[in-house]
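Worksheet: the structure to be examined is printed underneath.
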Amino acid sequence: MILVNRDMRAAVVLLSNTATGEVDALAEQIMRMLAGATVEPRKFDEPIDVPLETMQKYVGTYKLVPGIHFTVTVEDNQLMVGLTGQPTFSVFARSETEWFYKVVKATLTFEVDDDGTCNSLELFQNGVRQKAMRDE
């Protein structure tokens, strides 16, 4: 990430081996600090441990729209989620049903009924909520 402010005669160059929104946010925060703004320390979610049995309830495919599905798997005790045409990424638990990505600013909430069955998930990203129904 490279940010340049000609008026301030300042630049921020941030190098990382992982491209995420966090890299951009950190560079912007540094530039604001150089401009004299008060910047609060960054806060990051701390994932919680979720039992393997709970994660297994979420395994399956969920149809977002025709031709676009979430695929949920468990690999090495880690919940993995892929979207049609995109890579699969780890997601991390805030609670047993709410999970967050570290590679993008998005959350998934698994909707579980009283019997413990998960029939849908909700994606929350860029201020938009989208529901995907289990496809079985």
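Throughout, read-outs are computed from the coordinates displayed, never taken from laboratory work. Being a predicted model, the structure only gives us computed values, none of them experimental. Don't worry about glycine lacking a Cβ; one is built from the backbone with ideal geometry, like all the others, and counts go over all protein chains shown.
Observations on the model:
- Only Lys, Arg (+1) and Asp, Glu (-1) charged, at Cβ; region 1-63 dipole about Cα centre in debye: 260 debye
- Taken as Cα centroids, region 7-34 and region 49-101 sit 31 Å apart, rounded to the nearest whole angstrom.
- Other residues whose C-beta falls under 15 angstrom from the C-beta of residue 114 contribute a net charge of -3, scoring Lys and Arg +1 and Asp and Glu -1.
- Taking 3, 15, 123, 52 and counting other C-beta atoms within 10 Å, the order from fewest to most: 15, 52, 3, 123
- Relative contact order (%) - the chain, alpha-carbon pairs under 8 angstrom, separation at least six: 17 percent
- R0 of 35 Å, Cβ-Cβ distance residue 28-residue 124: FRET efficiency to nearest 0.05: 0.95
- Only helical runs count toward this figure. For the chain, summing -39,500 (n - 2.57) over DSSP H runs of n ≥ 4 and dividing by all residues gives -4000 deg cm²/dmol at 222 nm.
- Between the Cα long axis of helix 21-34 and the first principal axis of the chain there is an angle of about 30°, rounded to the nearest 10.
- Dipole magnitude for the chain: computed about the Cα centre from +1 point charges on Lys and Arg Cβ and -1 point charges on Asp and Glu Cβ, it is near 840 debye.
- Choice from 37, 93, 27 showing the highest fluctuation, given a GNM over the chain with Cα pairs closer than 10 Å: 37
- Environment charge at residue 94 (Cβ cut-off 10 Å; Lys +1, Arg +1, Asp -1, Glu -1): -4
- Candidate values [x] 21.6, 67; [y] 14.2, 42; [z] 18.6, 61 were compared with Rg and Dmax of the Cα atoms in Å computed on the shown model; the agreeing label is [z].
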